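Please read the structure below before turning to the comments.
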Amino acid sequence: TSIRIKDAVSQFVSAFDPSIDIIFSGEEMQGSPKNWVADISELKKTGFCPVIPFHIGIRQYASWLKSEFSK
């Protein structure tokens, strides 16, 4: 599933530390992607099937990072 980089960053920061203000300038650098999407066709050949939606996985990752930084 494709996700806009702006949305991925917003979801991560919201989960990691909502007090952080993100400001997107709207400028685009030539060659920079607007969206991220992974080709998982090779993983699927091994039987892998993604079951965790991005918004849940990113919250879990942010939670794990916070626990690592608090040590």
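The values are calculated or read from the model by the stated rules, or taken from the named source; none is laboratory data. Since the model is a prediction, treat every value here as computed from it, not as a measurement. Cβ coordinates were reconstructed from backbone atoms using ideal geometry, including for glycine residues, and neighbour counts include every protein chain displayed. All accessible areas refer to the heavy atoms of the entire protein, side chains included, with ligands and DNA or RNA removed. Shrake-Rupley method; radii C 1.70, N 1.55, O 1.52, S 1.80 Å.
Worth a mention:
- Meets criteria (of a type outside the set (Phe, Trp, Tyr), open to solvent by less than 80 Å² (accessible area, probe 1.4 Å) and out of contact with any strand residue (DSSP E or B) (no Cβ under 7 Å at 6 or more places or on another chain)) for ALA8: no
- Filter pass, SER32 being of a type in the set (Ser, Thr, Tyr) and assigned to a helix (DSSP H, G or I): no
- Taken over segment 1-29, residues that are in a helix (DSSP H, G or I), touching a helix residue (DSSP H, G or I) at 6+ places or on another chain (Cβ under 7 Å) and more than 11 Å from HIS55 (Cβ to Cβ) amount to 1.
- Scanning segment 30-42 for residues that are open to solvent by 100 Å² or more (accessible area, probe 1.4 Å) and either over 20 Å from the mean Cα position of the chain (by Cα) or of a type in the set (A, V, I, L, M) (or both) yields GLN30, VAL37, GLU42.
- A single member of PHE54, PHE48 is open to solvent by 60 Å² or more (accessible area, probe 1.4 Å), among the aromatic types (Phe, Trp, Tyr) and in contact (Cβ under 8 Å) with a residue 40 or more places away in the chain, and it is PHE54.
- Residues of segment 43-66 that turn out to be part of a helix (DSSP H, G or I) and either closer than 22 Å to ILE3 by Cα or more than 18 Å from the chain's Cα centre (by Cα) (or both), as a count: 15
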